[in-house]
Amino acid sequence: MTTIDRPRLARLIQRERASYLERHPRSHAAFRAALPHLLGGVPMTWMGKWSGGFPLHLERASGNRVVDLDGLSYVDFALGDTGAMAGHSPPAVIAALRERAERGLTTMLPTEDAAWVGAELARRFGLPLWSFTLTATDANRWALRLARMVTGRPRVLCFSYCYHGSVDETVAVRGPAGETLPRPGSVGPQVDPALTTRVAEWNDLASVERALAPGDVAVIITEPALTNIGIVLPEPGFLAGLRALADAAGTLLLLDETHTLSAGPGGMTGELGLAPDLLTIGKAIGGGIPTGAYGLSAAVAERIRAHRDADLVDVGGVGGTLAGNALAMAAMRATLGEVLTAEAFRRMTALALRFAEGVERTIAAHALPWSISRLGARAEYRFARPAPRNGSEAARAGDEALDEYLHLYLANRGVLITRFHNMALCCPATTAADVELHDELFAAAVGELCARG
Ligand SMILES: Cc1ncc(COP(=O)(O)O)c(C=O)c1O
């Protein structure tokens, strides 16, 4: 196996940083102008996680193309880290938004779009009842509250290095003795996560069984494949085992399909016929407009209704003023009805397959100890071979210098991938030529890295 020549990598990063700075004077100036009044110089601190010292600033985006302030155009595989899975400003969504925007944005009144979207989510995911939020984080928070209420249990089980948004209970990892620790870098936790959470290891049913054994876990919250520490796929039998262990322990199973929607129109739940008690989703389903949703099984809904004292309509801890607003509902209806269709998923998935095959060819040609994992329309490379089996292994395979080099190399030549763990996603506007461009650039970047002398 080839080992990376670290001094060479450092030199290449310096070269790419210099080129990035030279190519983006206007983005750089905009960043510096924002520094006095924006925390970290950006409207949301994670936008600062960008190779080259400052982020590109957006001028416009359409389909799978982004144009920056310096007038440079990019093929976008980052797609707003899934928020733009439908492509940027898809015409059907823009038309629905225009039409809605002129007739009231948020009124505290339902629109007919809401029932259509609820029925469509039920058709795709198999859960009959839905409620809406502004983000996937909110959907998870509220679903956890409901799960605690109906089970009367205090704890949550999540997987090491999972990510479900800024949900306090899940910003946790598993310590060496199986204990719950705050995730490294966790910002001012509300309470010690050991009080709220047990952490198991992905693909390790024995660790799940141990965590459930005391009988105090309300709900297992997980993505059906981990997607926020690279993609870590479930091994055969793991998801069925989770379902069986949850049932045996009287614990609910919550699947977060926010990213795994990439697997198909009904996410992995639809593709694999999974049967969660609760399901959360967000990002992509609004076509770029903030939104989220949670779905409930009939049994869970019945148990919620039995809690007549629960204040679900005012200040009981589940709710948001703009949740379910008319604009977001119109965006979801157009996105699900006209853009992220079964046919679109077929094309997106075929392109992601080609993307992964191209990366695999380059990895093999250089005998690198890297791997690429794919989930439908989404693919990510990871610096470990075989691919990591769980979150802790995947975290150990992280390599900040390689991430930066590959991200910058591609960005300097007109291709964007997500800066978070180098995710690439295909949208309905992605073409085979876009995938080939990535292939060529990835091969060239790796070729320079592995060149002799
Ligand atoms: C699986 C999963 N759930 C929830 C979230 C949170 O989404 P949001 O930031 O829209 O609240 C994310 C964000 O990346 C996610 O990956």
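What follows is calculated from the coordinates using simple rules that are stated; it is not laboratory data. All of these numbers come straight from a predicted model, not from anything done at the bench. Reconstructed Cβ throughout: ideal geometry from the backbone, glycine too, with neighbour counts over all protein chains shown.
What residue, among those in region 287-305 that are small (G, A, S) and touching a residue at least 60 places away in the same chain (Cβ under 8 Å), is farthest from the ligand (Cβ to nearest atom)?
Here is the first cut: in region 287-305, the residues small (G, A, S) are 287-288, 292-293, 295, 297-299, 301.
Filter once more, so that each one left must be touching a residue at least 60 places away in the same chain (Cβ under 8 Å): 287-288, 292-293, 295, 297-298, 301.
Values: G287: 13, G288: 12, G292: 6, A293: 11, G295: 14, S297: 20, A298: 24, A301: 22 Å.
For region 287-305, the residue satisfying everything is A298.
Being buried (at least 21 other Cβ atoms within 10 Å of the Cβ), under 27 Å from L425 (Cβ atoms) and either away from the ligand (no atom under 16 Å from the Cβ) or among the polar types (S, T, N, Q) (or both): is that true of T180 here? I'd like the intermediate steps shown before the answer.
On the way: buried (at least 21 other Cβ atoms within 10 Å of the Cβ): yes; under 27 Å from L425 (Cβ atoms): no; either away from the ligand (no atom under 16 Å from the Cβ) or among the polar types (S, T, N, Q) (or both): yes.
So T180 fails the test.
Could you pull out the residue among V232, V199 that is out of contact with any helix residue (DSSP H, G or I) (no Cβ under 7 Å at 6 or more places or on another chain) and either of a type in the set (A, V, I, L, M) or away from the ligand (no atom under 16 Å from the Cβ) (or both)? So that I can check it myself, show each step before the final result.
On the way: V232 fails: out of contact with any helix residue (DSSP H, G or I) (no Cβ under 7 Å at 6 or more places or on another chain).
Just a single option satisfies the conditions, and that option is V199.
Check every one of the helices (runs of 4 or more DSSP H) wholly within region 329-438 and list those with 1 or more residues that are of a type in the set (K, R). Spell out how you get there, then give the answer.
Values: elements: 342-365, 391-396, 400-411.
Output list reads 342-365, 391-396.
So, in region 151-168, of the ones that are more than 13 Å from the ligand (Cβ to nearest atom) and in a loop (DSSP other than H, G, I, E, B), which residue ends up nearest to A246 (Cα to Cα)?
R153
Listed here are the residues, each with its yes/no results for (1) hydroxyl-bearing (S, T, Y); (2) surrounded by fewer than 24 Cβ atoms within 10 Å (Cβ to Cβ); (3) without any contact (Cβ under 8 Å) to a residue 40 or more places away in the chain; (4) under 20 Å from T151 (Cβ atoms).
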position: P214; (1), (2), (3), (4): no, yes, yes, yes
position: I221; (1), (2), (3), (4): no, no, no, yes
position: A244; (1), (2), (3), (4): no, yes, yes, yes
position: D256; (1), (2), (3), (4): no, no, no, yes
position: A275; (1), (2), (3), (4): no, yes, no, yes
position: L278; (1), (2), (3), (4): no, no, no, yes
position: A284; (1), (2), (3), (4): no, no, no, no
position: D309; (1), (2), (3), (4): no, yes, yes, yes
position: V318; (1), (2), (3), (4): no, yes, no, yes
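Among the residues of region 414-434, are any among the acidic types (D, E) and under 27 Å from E22 (Cβ atoms)? Show your work before the answer.
As a first pass, look at region 414-434 and keep what is among the acidic types (D, E): 434.
If we keep only those that are under 27 Å from E22 (Cβ atoms) as well, we get 434.
The answer is yes, given that some residue of region 414-434 is among the acidic types (D, E) and under 27 Å from E22 (Cβ atoms).
Looking at region 29-44, is at least one residue within 23 Å of the chain's Cα centre (by Cα) and aliphatic (A, V, I, L, M)?
Yes.
With the condition kept exactly as written, say whether any residue in region 86-103 is within 16 Å of the ligand (Cβ to nearest atom) and hydrophobic (A, V, I, L, M, F, W, C).
yes
Being without any contact (Cβ under 8 Å) to a residue 60 or more places away in the chain and surrounded by 14 or more Cβ atoms within 10 Å (Cβ to Cβ) is the requirement here; does V232 meet it?
no
Any residue that is away from the ligand (no atom under 16 Å from the Cβ), surrounded by 16 or more Cβ atoms within 10 Å (Cβ to Cβ) and either hydrophobic (A, V, I, L, M, F, W, C) or farther than 30 Å from H421 by Cα (or both) - is there at least one of those in region 106-113? Before you say what the answer is, go through the steps one by one.
Step one: list which residues in region 106-113 are away from the ligand (no atom under 16 Å from the Cβ), which gives 106-113.
Imposing the further condition that a residue be surrounded by 16 or more Cβ atoms within 10 Å (Cβ to Cβ) reduces the set to 111, 113.
Now restrict to residues that are either hydrophobic (A, V, I, L, M, F, W, C) or farther than 30 Å from H421 by Cα (or both): 111, 113.
Yes, region 106-113 contains at least one residue that is away from the ligand (no atom under 16 Å from the Cβ), surrounded by 16 or more Cβ atoms within 10 Å (Cβ to Cβ) and either hydrophobic (A, V, I, L, M, F, W, C) or farther than 30 Å from H421 by Cα (or both).
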